[in-house]
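Visitor: I'd like to ask some things about the structure below.
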Amino acid sequence: MTSSRTEYAKRMHRVLEHIDRNLDRSLELPELAEVAHFSAFHFHRVFAAWMGETLGEYSRRRRLEMAAVRLAAQPSVPVLSIALSVGFGSGEAFARAFKTRFGHTPTAWREREAARRTRGSNPDQSMSNMNQAPRGRDIQDEAMNHEVMNHEAMNVSVIERPPAKVAYLRHVGPYGETISKFWQDVVYPWMVANDLLGQPRYGLSHDDPGVTAPGQCRYDACVEISHPLAAPGMALTTAIPGGKYAVAKFRGTAGQIGDAWDQLLREWLAASGLQLDARPFFEHYSKESVFDPKTGCFTCELCIPVAPL
């Protein structure tokens, strides 16, 4: 039973990865069924049972959520260009779908995010929408963290990274302290069982908690591998793509890392002359990364994939 479930998980993760990396084009059922190694006849039902969303609902949600991230992070890119980059054929269709999902037009959403950056706080509650996920962090802590980071220049470099083969365990649910607990309670024992201590680690954040509901946020705790796992359990494998990444050094707690991601995506990127592409964001924990169990403070690099505008 466990091996069968692992095989299903492997196939579904492969499909989700394929969707996320190809949001800029139409994805038809036969293509995705082939990626999953299911018949097209059965795949749609299997996907809905596994995900709790139909294939069409999931793809549309991911296109709109990525558009929301890009609207905020790339204020100089025309709305139509962003619509096309996530697979919409026209600005009108995109605007209608975006307003249905988020309660605002794309332009109003972009203005709202710009106002939030200027104020250094969350947008006015009158601009919120039930479909939009809450930030999920304590307001006092967020204000304090924002003030601290505004007084410290973000140290960002743009580098070429090689691809990395990794094994990973997936966490689905709210980001923040629950991710730290996942690493400690689930990932660390798995690393010990597979002799992976001391290897470079990665945390892949597939969703932006500012636009994705907490219960749907996906995070992969990854460890670099060079040989088959001794005790894989529910672990799966993938390759983190290489290429050009903007890399920011981070030192802080799990409660602060969300604000650092915000600053990198919504402030640094907006002024960089670069844009996002379809590769995933991730935290990189090198062999030199440190963790202080007394304070919960740790170090890592925040990496976002970038390309010329």
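The values are calculated or read from the model by the stated rules, or taken from the named source; none is laboratory data. In this text, all values refer to a predicted model and were calculated from it rather than measured experimentally. Neighbour counts run over all protein chains shown; Cβ positions are idealised from the backbone, glycine included.
Visitor: So A72 fits all but one of (1) without any contact (Cβ under 8 Å) to a residue 24 or more places away in the chain; (2) within 19 Å of H206 (Cβ to Cβ); what number is the exception?
Guide: Just one mismatch for A72, condition (1).
Visitor: Every residue in the range 67-123 that is under 19 Å from P209 (Cβ atoms) and of a type in the set (S, T, Y), please.
Guide: S121, the sole residue that qualifies.
Visitor: Criterion first (under 30 Å from L269 (Cα atoms) and either in contact (Cβ under 8 Å) with a residue 24 or more places away in the chain or surrounded by 13 or more Cβ atoms within 10 Å (Cβ to Cβ) (or both)) does M66 satisfy it?
Guide: Here the answer is yes, as M66 does meet what is asked.
Visitor: Being at pLDDT 95 or above and charged (D, E, K, R) is the filter here, so list the residues in the range 144-189 that pass it.
Guide: Those that are at pLDDT 95 or above and charged (D, E, K, R): E160, R161, K165, R170, D185.
Visitor: Can you name the residue in the range 259-309 that is charged (D, E, K, R) and assigned to a helix (DSSP H, G or I) and is also farthest from G203 (Cα to Cα) among such residues?
Guide: E267
Visitor: Same structure again: Identify the residue in the range 109-128 that is under 18 Å from E267 (Cα atoms) and of a type in the set (G, A, S) and, among all such residues, is modelled with the lowest pLDDT.
Guide: Per the stated criteria, the residue is S121.
Visitor: Check off (1) under 21 Å from R110 (Cβ atoms); (2) in a strand (DSSP E or B); (3) of a type in the set (A, V, I, L, M) for V223 and give me the number that stays unchecked.
Guide: (1)
Visitor: Which residue, of D259, D220, D207, is within 12 Å of the chain's Cα centre (by Cα) and touching a residue at least 60 places away in the same chain (Cβ under 8 Å)?
Guide: Going through D259, D220, D207 in turn, just one is within 12 Å of the chain's Cα centre (by Cα) and touching a residue at least 60 places away in the same chain (Cβ under 8 Å): D207.
Visitor: Of all residues in the range 5-48 being more than 21 Å from the chain's Cα centre (by Cα) and charged (D, E, K, R), which is surrounded by the most Cβ atoms within 10 Å (Cβ to Cβ)?
Guide: Among those that are more than 21 Å from the chain's Cα centre (by Cα) and charged (D, E, K, R), it is E34.
Visitor: Keeping to the range 62-108, report how many residues are in a helix (DSSP H, G or I) and either under 18 Å from the mean Cα position of the chain (by Cα) or hydrophobic (A, V, I, L, M, F, W, C) (or both).
Guide: Count: 25.
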